[in-house]
Amino acid sequence: MIPPAIVCFGECMIELSRNPASDAWRMGFAGDCANVAIYCARGGAQAGFLSAVGSDPYSEEMRAFLNREGVDCRFMLTHPTRVAGLYAIRTDDRGERSFTYWRDQSAARDFFALSGAGAALAEAAQARMLYLSGITLSLFDADGQAQVADLAKTVRENGGEVVFDGNYRPRGWPDPAAARAAFGAVAPHCSIVLPTFEDEAALYGDADPHDSLDRWHDAGARLVVVKMGDKGALFSHKGEDSGLLPCPSRRAPRDTTGAGDSFNAGFLTALLAGAEPEGAVLAGHRLAGEVVMHPGAIIPPDAMPQ
């Protein structure tokens, strides 16, 4: 079977978000790499999701949801005893979000222990692009992180691209040094890196987004895009700095959940369709600009920008 153009490796969770107008809670499914897979599929790219879910009813609903979104779920394993993780979103008056997680025993964390993992990894390694994040790495212990790095290495050896977003979340790591070590092990295999400057400053102490550009280029990336929220994005292709590409429009966000993921998906979908980096950045801005106007990470299909 032909592999999808992009395979995203991570965790999809049950998402709880609250409507501030009614105090009603809404349940959905999301997770940083799953969000990228969904938005890439909506944009017309063949996208697969590499993960593990449980055998519980919510995991079955999650798989059905991803199938309806057009995501290739052949890389999703089923864990016999664990369940799907869960998180709840809270937003402040400016739409900035914070999360509470219940995921310590999620199925995705035990992916490498499952009997089908080897076959799923071998097939995923044939994809044109592998997408992963710092959150992907944080799911696993040191042995699992080494297997993620091995997968990235194999994808590159097969002629594919490895795309990485650090998506640094301190709560997912025992300390910053552990995150830096895990990122450093996968960095030599990453050809496209899509960090958020706020995360880079928190993890590495970067004072300027050019510090982030330089570090990832030095590690081996050919294309780096540093996301800077409503200020826009700075990108550099093969070390040639583009300067800041501002967002086409600025609206007060309702909920910033999924902003970076949707930018990444819009950017990568455009790249896969043959766009130049600058055009791909603008595509990322357009999608993210719409996503932040809706609650939760995944917006209704009819709200997708044209």
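What follows is calculated from the coordinates using simple rules that are stated; it is not laboratory data. If you're wondering where the values come from, they're calculated on a predicted model, not measured in any experiment. When we count neighbours, we look across all protein chains shown, and the Cβ atoms used for this are built from the backbone with ideal geometry, even at glycine.
Beyond 24 Å, what share of the Cα-Cα pairs of region 54-157 is found? Please give it as a whole percent. More than 24 Å apart: 32 percent of the Cα pairs in region 54-157.
Just grab the label-to-label distance for residue 252 and residue 56, each label 7 Å out from Cα along the Cβ direction, in nm (one decimal). Going by the 7 Å Cα→Cβ label model, 3.8 nm.
Of the DSSP H helices in the chain, none is both long (alpha-carbon extent of 27 Å or more along the helix axis) and hydrophobic (Kyte-Doolittle mean at least 1.6). For Kirkwood radius over Cα pairs in Å, several values are listed as (i) 19.1; (ii) 20.0; (iii) 21.8; flag the one computed from this structure. Label (i) holds the value from this structure. Among DSSP bridges having both ends in the chain, what percentage is antiparallel? Round to the nearest 5. The antiparallel fraction comes to roughly 45 percent.
A cysteine counts as unpartnered when no other cysteine's C-beta lies under 4.7 Å of its own; in the chain this applies to 12, 40, 73, 190, 247. Springs between Cα atoms under 10 Å define the GNM used for the chain, and in it the highest mean-square fluctuation of 202, 265, 283 occurs at 202. A full extension of the chain between residue 208 and residue 67 corresponds to an added length of 46.7 nm, given 0.36 nm per residue minus the alpha carbon distance. Antiparallel beta bridges, as assigned by DSSP with both residues in region 46-147, represent about 55 percent of the total such bridges.
In a DSSP loop and with at most 12 other Cβ atoms within 10 Å, the trypsin sites (Lys or Arg not before Pro) in region 64-151 are 94. Here residue 293 and residue 175 are evaluated by their C-beta separation; at R0 = 35 Å the FRET efficiency comes out at 0.45. Calculated mean residue ellipticity at 222 nm for the chain: -11000 deg cm²/dmol, from DSSP H runs with n ≥ 4 weighted as -39500 (n - 2.57), summed, divided by the residue count and rounded to 500. Taking 55, 133, 262 in turn, the Gaussian network model of the chain (Cα-Cα springs below 10 Å) assigns the largest fluctuation to 55.
Distance between the modelled labels on residue 24 and residue 101, one decimal in nanometres: 3.0 nm (7 Å Cα→Cβ projection). The calculated FRET efficiency for the pair residue 122 and residue 143, based on their C-beta separation and a Förster distance of 22 Å, comes to about 0.75.
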